[in-house]
Every structure is written in structure tokens, then in C-alpha cells.
Amino acid sequence: MSQEADNVAILKRCYQAWSDSRGGNADPWMAICADNIKFGSIADGPAKVEYLAAYAQRDVLAAYFDGLKRDWEMIEYVAENFVAQGDRVVMLGRCSWRFKKTGKVVSTPKADSWRFADGKAVEFFEYFDTAKLRDAVT
């Protein structure tokens, strides 16, 4: 298998586990992240969801997943397509989450950009509808 195919296979397993656990188990994500992963979100840490921010170390990345688990209920997470070129993989999909404090639901297209080195994720950036996020938390 090529490195591109290996990276896609890693991500397919992680996205499936994430969906199956309804966002309750971040262990597969933590296992694929390099110690010095560059991790970011288009949301960039707005009020009430400050954990949707940038991280530069795997050991502090748990705050992102802990915040999701504490504040949100996953309704669905579907990884539909994977596009790989060289060390980069992009996942295109959709997800729906309920913000527990307001009961409001965010349903949005989702795009995640990953970069791998030596079988580990060294970069991640997520894209989704931040206007819907803002509406859900207010």
C-alpha cells in the first residue's frame, strides 16, 4: 500500500471510531497525533467554546476533546470522502452536534485537512459553519 493509502486508512478507522462512540472516545485521535502536532480550528476559540482553538502539543490537545464531550452531544458524524496527495489528506463530510447548554443543534458540512509524517499526524485544521456554531451557543 502507498503512504497516501496508509494515511487514508488510518483516518477512516479514526473517523469510524469517533462516529461509533458519538464523540465519547478521543483515544484513536490522540494515538495518531505526533507529540508536536499543529492543531487548529476555524472557530479560533470563541466565547463559551474556547477549546475550539489552536494547539501545538499533543499533551494539551485533550482540552479540545474534553470540551467537546462536556458541552456537546454528537448526533451524527459522517466522513464521506478522502482526498490524498503526498503527505496531505483532506476529509470531506458532515456532522451534527447539540450544544447541551442551549439544546440547539448545529448541522454543518465539515472539512478536515491533515498532514502526516512517519505515520503520525503532524498538522490538522478543521473547517465548518462557524455562524451556526455561534447561533447554537447563544
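The values are calculated or read from the model by the stated rules, or taken from the named source; none is laboratory data. Keep in mind it's a predicted model, so treat the numbers as computed, not measured. We place every Cβ from the backbone using ideal geometry, glycine too, and count neighbours over all the protein chains shown. Quick note on the areas: whole protein, heavy atoms, side chains included, nothing else; ligands and nucleic acids left out. Shrake-Rupley method; radii C 1.70, N 1.55, O 1.52, S 1.80 Å.
Contact order, relative form, for region 4-59: 26 percent (alpha carbon pairs under 8 Å, 6 or more residues apart, mean separation divided by residue count).
As a test of the formula, what do you get for the chain when each DSSP H run with n ≥ 4 contributes -39,500 (n - 2.57) and the sum is divided by the residue count, at 222 nm and rounded to the nearest 500 deg cm²/dmol? Display every interim value, and only then the final one.
Numbers: 4 runs with 46 residues, N = 138.
Value at 222 nm, helices only, nearest 500: -10000 deg cm²/dmol.
Across the chain, Cα-Cα distances exceeding 17 Å account for 59% of all pairs. When the trypsin sites (Lys or Arg not before Pro) in region 68-113 are filtered for DSSP coil states and for at most 16 other beta-carbon atoms within 10 Å of their beta-carbon, the remaining sites are Lys100, Lys101, Lys104.
Over the chain, with the other protein chains present, what is the accessible area per residue in square angstrom, probe 1.4 angstrom?
Details: 7080 Å² over 138 residues.
For the chain, the per-residue accessible area is 51 Å².
One decimal place: the segment Arg70-Lys12 gains 18.4 nm when fully extended, by the rule 0.36 nm per residue minus the C-alpha distance.
Tally up the carbon and sulfur contribution to the accessible surface of the chain as a whole percent, 1.4 Å probe, everything protein left in place.
On the way: 3650 of 7080 Å².
Within the chain, the accessible surface is 52 percent carbon and sulfur.
Remark: relative contact order (the chain) = 23 percent; criterion is Cα-Cα distance under 8 angstrom and separation of 6 or more residues. Pairs Lys48/Lys110; Lys38/Lys101; Lys12/Lys101; Lys12/Lys104: which exceed 26 Å Cα-Cα? Distance filter (> 26 Å) returns Lys38/Lys101; Lys12/Lys101; Lys12/Lys104.
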